[in-house]
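Below is one structure, written out as structure tokens; the observations come after it.
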Amino acid sequence: MSINAKKVAVLATNGFEDSELISPWEALVQAGAVPTMVSPNPDVITGKNGHAQTVDMLVREAKALDFDALVLPGGVVNADDLRMDHDAVAFARGFFVEHKPVGVICHGAWILADADVLGGRTLTSYPSLRTDLTNAGATWVDQEVVVDNGLVSSRTPDDLPAFNDALVEEIGEGQHRGQTT
């Protein structure tokens, strides 16, 4: 599916799971999208396995209105740091307010619990997040990929091929009529 010229924010900070940023980024580019690296950190962020990614925009300056979709890579340190950053949480929440597609993998879902956008949603994640996501109002399932009204979620790097396909498809479909919590 082509998603030519769709602007997709990828939100991460140091400690991201390298493959969970690199693989979706490449899938987006191959489908014609324009990914933008958004982070609380300026200049360059580094994944837990050493991948260096140039930051295009600081999260405090980013607005969901300026993008067509959001991708949240995992990585325990990345996810934990982002959920404690007020600007990052507000930015992620903005995509739900605007009914725009969001892709999240592994530990990346933690920020969605803090953004208070999971009520009535079904998603998957790394299994250790099950209680946190359930407590935030979600129905958690153990599946390779789950699509719930524009929210695409997967568990681990093993799920990246299915995640990337579903992500590109949801971005191609565009805005969703969904609940906002």
Inset, instruction - Could you grab me the full set of residues in segment 117-137 that are in contact (Cβ under 8 Å) with a residue 24 or more places away in the chain and surrounded by 14 or more Cβ atoms within 10 Å (Cβ to Cβ)? - result: Val117, Leu118, Arg121, Thr122, Leu123, Thr124, Ser125, Tyr126, Leu133, Ala136, Gly137
Inset, instruction - Considering only segment 50-61, state which residues are within 15 Å of Trp25 (Cβ to Cβ) and in a loop (DSSP other than H, G, I, E, B). - result: His51, Val55, Asp56
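For segment 162-181, which residues satisfy the criterion of being in contact with a helix residue (DSSP H, G or I) (Cβ under 9 Å, 6 or more places away or on another chain) and either at pLDDT below 95 or surrounded by fewer than 14 Cβ atoms within 10 Å (Cβ to Cβ) (or both)? Break it down into steps so the answer makes sense when it comes.
Taking segment 162-181 first, the residues in contact with a helix residue (DSSP H, G or I) (Cβ under 9 Å, 6 or more places away or on another chain) are 163-165, 167-168, 171, 176, 178-181.
Of everything in segment 162-181, those that are in contact with a helix residue (DSSP H, G or I) (Cβ under 9 Å, 6 or more places away or on another chain) and either at pLDDT below 95 or surrounded by fewer than 14 Cβ atoms within 10 Å (Cβ to Cβ) (or both) turn out to be His176, Gly178, Gln179, Thr180, Thr181.
Scan Ala113, Ala92, Ala79 and give me the residue that is part of a helix (DSSP H, G or I), touching a residue at least 60 places away in the same chain (Cβ under 8 Å) and either within 24 Å of Lys6 (Cβ to Cβ) or touching a helix residue (DSSP H, G or I) at 6+ places or on another chain (Cβ under 6 Å) (or both).
Working: Ala113 fails: touching a residue at least 60 places away in the same chain (Cβ under 8 Å); Ala79 fails: touching a residue at least 60 places away in the same chain (Cβ under 8 Å).
The conditions single out Ala92.
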Inset, instruction - Could you tell me which of the residues Arg83, Arg155, Arg93 is buried (at least 17 other Cβ atoms within 10 Å of the Cβ) and out of contact with any Phe, Trp or Tyr (no Cβ under 9 Å at 6 or more places or on another chain)? - result: Arg93
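The values are calculated or read from the model by the stated rules, or taken from the named source; none is laboratory data. Here the structure is a predicted model, which is why all the values come from computation and not from measurement. No Cβ is skipped: glycine too gets one built from the backbone with ideal geometry, and neighbour counts run over all protein chains shown.
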